[in-house]
Amino acid sequence: GAVVSQHPSRVICKSGTSVKIECRSLDFQATTMFWYRQFPKQSLMLMATSNEGSKATYEQGVEKDKFLINHASLTLSTLTVTSAHPEDSSFYICSVMGLGNTEAFFGQGTRLTVV
Amino acid sequence: AQSVTQLDSQVPVFEEAPVELRCNYSSSVSVYLFWYVQYPNQGLQLLLKYLSGSTLVKGINGFEAEFNKSQTSFHLRKPSVHISDTAEYFCAVSDLRTDKLIFGTGTRLQVFP
């Protein structure tokens with residue numbers, strides 16, 4: 001399967017600052033990338049879907065101006081949490097898919113703590 | 001719209017015992033079905049998937065699952081579990097039109113010695 005690298009694995013930031021999370025597909029052309037968030041002991045909730053070179057499609061209830069997604073190339077997508085608040089503290093996970101694929105490959109996740 | 005139900009939030013079991021983790025889904029269109037495993041503070045690893053064909057699917061680590069269309073179920077089984085199988089298990093369906101994965105709420109498998 002594809003190797004997906006997510007960076008950083010953990011980040012602590014102050015309330016009001018912005019944090020960027022990177023998702024890289026190391027050996028795979030990711031035409032589509034997905035961003036999820038997972039609260040403790042809960043399931044993964046899809047935040048947005050991004051296709052290379054296009055604007056991301058956000059799920060209902062997800063603020064696009066707060067969670068900025070950029071998918072500029074077939075190997076890199078970034079999620080920027082702007083003006084972070086403590087309630088944004090969560091585990092963020094990306095996944096990638098390529099053309100014709102039937103399964104998604106996941107990154108290791110990023111633990112964001114906003115203090 | 002699709003939805004996934006994992007009825008058991010936790011399943012405790014002794015080592016070497018068999019285990020079944022239940023998953024039911026609902027969808028008005030054809031879907032693919034998946035089971036993923038998540039270890040603490042890590043991403044998801046695919047255990048197995050059902051796309052079409054044989055309803056019994058074998059995956060990694062000795063796991064298997066059976067697709068039952070009439071019961072809209074995709075239960076995960078392992079005949080003999082190990083301590084290392086302790087993890088969170090997620091059932092998911094994929095919308096064939098959008099590739100979006102819809103996850104169940106997860107089942108925590110706890111294997112005791």
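A few remarks follow.
- Residue in region A:84-96 that is nearest to B:D99 (Cα to Cα), counting only those that are buried (at least 24 other Cβ atoms within 10 Å of the Cβ) and either among the hydrophobic types (A, V, I, L, M, F, W, C) or in contact with a Pro (Cβ under 6 Å, 6 or more places away or on another chain) (or both): A:V96
- Flag if B:F74 is in contact with a Leu (Cβ under 9 Å, 6 or more places away or on another chain), closer than 15 Å to B:Y32 by Cβ and modelled with pLDDT of 95 or more: yes
- Of the strands (runs of 3 or more DSSP E) lying entirely inside region B:51-113, those containing at least 2 residues that are within 14 Å of B:R22 (Cβ to Cβ) span B:64-68, B:73-78, B:87-95, B:107-112.
- Subset of region B:27-51 (residues that are more than 27 Å from B:F112 (Cβ to Cβ), open to solvent by less than 50 Å² (accessible area, probe 1.4 Å) and over 12 Å from the mean Cα position of the chain (by Cα)): B:S27, B:V31
- Options B:R77, B:R97: the member that is open to solvent by 50 Å² or more (accessible area, probe 1.4 Å), touching a residue at least 24 places away in the same chain (Cβ under 8 Å), more than 10 Å from chain A (Cβ to nearest Cβ) and under 13 Å from the mean Cα position of the chain (by Cα): B:R77
The values are calculated or read from the model by the stated rules, or taken from the named source; none is laboratory data. No experiment lies behind these values; they were computed from the predicted model shown. Every residue, glycine among them, receives a Cβ derived from its backbone with ideal geometry; neighbour counts consider all protein chains shown. Areas reflect the complete protein model, heavy atoms only, side chains present, ligands, DNA and RNA absent. Shrake-Rupley method; radii C 1.70, N 1.55, O 1.52, S 1.80 Å.
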